[in-house]
Amino acid sequence: MARRSAVIPVNGRAGTRCSDRFLAGLVDASAVTFVTHVHPDPDSLASMMGLAFLVESRLGKPTRLTRDGPISRAENVAMVDLLDIDLVPIEEASFEKGEVLVMVDSQPGTGRHSVCPEVPLYAVIDHHDTPGELAEVAFVDIRRTLGATSSLVTSYLMEQTLSPPWRLATALLYGIETELAGYPREASSLDDGALIWLYPLADKDLVARIRNARLPQTYFGCFLQALQSSFIYDRLIISWVNELPQPELAAEVVDFLIRFEEVDWAVCAGVYQDQLILSVRAAVEDAHAGAMLKQVVGSMGRAGGHDRRAGGTIPLPSTAATAIEQVQGELRRRLLKALHIDECRGQRLVSLREMLQNLQT
Ligand SMILES: [Mn+2]
């Protein structure tokens, strides 16, 4: 919800709807640049596209979408390619006077944001639980009960009776769908309303093609490594991946492991360059996974997320095996404590004997 100014007229008409207030605050901007969290996902990509379309259609202002860090998950690469999404690497963006930033699917200070500090951040539009630094932001619309930021953006288009072209409708539909894919669904009636509205406008064949994107060989090697280094501690499974070929694989590993019937929590901690990438999934309601991980990581790094999904990063002091083991040990100890699991020796998901037998046959 807009926090500062109450009602600002749009095109001479007093608007009380969120989309009117969002647009009203942009009338003096020369251009709008959209930013989001590191390694943008379908929800953040579609949210940027949707708001850019809104700003261009209603205000006629130039817009651009940015990306912070590479996009490497196969489905996300396919989405960018097939929908021809134009993204400026944030480190290459230069800004002129009068330009403003709009942040979607993330909040300032909750993750890595390599955004130029001199450019004013006008708005934050998000659905994450983890609170960010919002004191200086004029327009804030954060709805924690929503499954996807793309649903919120779709509701702005619905308010403005702006029918999205097929490319945008496809992006928004896929953005919402990916966020609601887990069980139990983290969805509200606004998410379902947005899906129904978008469905006839989207290219469903293209959505299916993105969802079933072809996978590189490294994907399978990473999964083998993840399964071989998964340890069960009561209702928690932790997978330690020594070398993630790309950072987004940590999330794919936990999406897979959380389906294990004997656990309620799945954690993947994988080494990527000089960082430990963390991803968490919970199979129980009111898990507060984002808050749990933020507390566990503490000053070691950054973390945040939703009720049943969370992510974070811990910078490694060194990539020497002993240094990594030390961080892993501390993380494991803190996770067990946070989840009230007695300190115990982890049981392998796949026994060493089984692994050796597999190699011999
Ligand atoms: Mn999201």
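Output yes when any residue across the range 90-103 is surrounded by 23 or more Cβ atoms within 10 Å (Cβ to Cβ), outside any helix (DSSP H, G or I) and within 14 Å of the ligand (Cβ to nearest atom), and no when none is. Yes, the conditions are met somewhere in the range 90-103.
Here's the yes/no breakdown for (1) within 26 Å of the chain's Cα centre (by Cα); (2) among the charged types (D, E, K, R):
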{"position": "Ala291", "(1), (2)": "yes, no"}
{"position": "Val297", "(1), (2)": "yes, no"}
{"position": "Gly312", "(1), (2)": "yes, no"}
{"position": "Ala323", "(1), (2)": "no, no"}
{"position": "Arg332", "(1), (2)": "yes, yes"}
{"position": "Leu335", "(1), (2)": "yes, no"}
{"position": "His340", "(1), (2)": "no, no"}
{"position": "Leu349", "(1), (2)": "no, no"}
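Within the range 195-205, is even one residue small (Gly, Ala, Ser), within 16 Å of the ligand (Cβ to nearest atom), in the same structural domain as Gly147 (by TED's automatic domain parsing) and at pLDDT 95 or above?
Residues of the range 195-205 that are small (Gly, Ala, Ser), as a first pass: 202.
Add one more test, that the residue is within 16 Å of the ligand (Cβ to nearest atom), and what stays is none.
Taking every residue of the range 195-205 in turn, none turns out to be small (Gly, Ala, Ser), within 16 Å of the ligand (Cβ to nearest atom), in the same structural domain as Gly147 (by TED's automatic domain parsing) and at pLDDT 95 or above.
Considering Gln228, Gln246, the condition of being of a type in the set (S, T, N, Q) and surrounded by fewer than 20 Cβ atoms within 10 Å (Cβ to Cβ) is satisfied by Gln228 alone. Specify the residue that is farthest from the ligand (Cβ to nearest atom); the eligible residues are those in the range 178-194 that are among the charged types (D, E, K, R) and within 19 Å of the chain's Cα centre (by Cα). Filtering the range 178-194 for residues that are among the charged types (D, E, K, R) and within 19 Å of the chain's Cα centre (by Cα), the one farthest from the ligand (Cβ to nearest atom) comes out as Arg185.
Give the residue that is nearest to Leu335 (Cα to Cα), with candidates limited to residues of the range 198-225 that are of a type in the set (Gly, Ala, Ser) and surrounded by 13 or more Cβ atoms within 10 Å (Cβ to Cβ). Here the residue is Ala213.
Suppose we filter Gln217, Gln228, Gln246 for residues that are in contact with a Pro (Cβ under 8 Å, 6 or more places away or on another chain) and not basic (Lys, Arg); which single one remains? Reasoning before the result, please.
Numbers: Gln217 fails: in contact with a Pro (Cβ under 8 Å, 6 or more places away or on another chain); Gln228 fails: in contact with a Pro (Cβ under 8 Å, 6 or more places away or on another chain).
Exactly one of Gln217, Gln228, Gln246 is in contact with a Pro (Cβ under 8 Å, 6 or more places away or on another chain) and not basic (Lys, Arg), namely Gln246.
All of Gly132, Gly175, Gly147 fail the test of being within 16 Å of the ligand (Cβ to nearest atom), crowded, with 18+ Cβ neighbours inside 10 Å and without any contact (Cβ under 8 Å) to a residue 40 or more places away in the chain, apart from Gly132. Just one of the numbered conditions (1) in contact with a Pro (Cβ under 7 Å, 6 or more places away or on another chain); (2) within 14 Å of the ligand (Cβ to nearest atom); (3) not small (Gly, Ala, Ser) is not true of Val153: (1).
Taking each residue of the range 94-108 that is more than 16 Å from Met49 (Cβ to Cβ) and looking for partners that are more than 15 Å from the ligand (Cβ to nearest atom) and of a type in the set (Gly, Ala, Ser) with beta-carbon atoms closer than 7 Å, six or more apart or interchain, yields Glu96/Ser30; Gly98/Ala29; Gly98/Ser30; Glu99/Ala29; Glu99/Ser30; Glu99/Ala31; Val100/Ala29. All of Leu87, Leu65 fail the test of being closer than 27 Å to Leu215 by Cβ and within 16 Å of the ligand (Cβ to nearest atom), apart from Leu65. Residues that are within 16 Å of the ligand (Cβ to nearest atom) and part of a helix (DSSP H, G or I) were ranked within the range 68-84; the one that is surrounded by the fewest Cβ atoms within 10 Å (Cβ to Cβ) is Glu75.
The values are calculated or read from the model by the stated rules, or taken from the named source; none is laboratory data. This one's a predicted model, so the numbers in the text were calculated from it and none came from an experiment. Every residue, glycine as well, gets a Cβ built from its backbone with ideal geometry; the counts of neighbours run over all protein chains shown.
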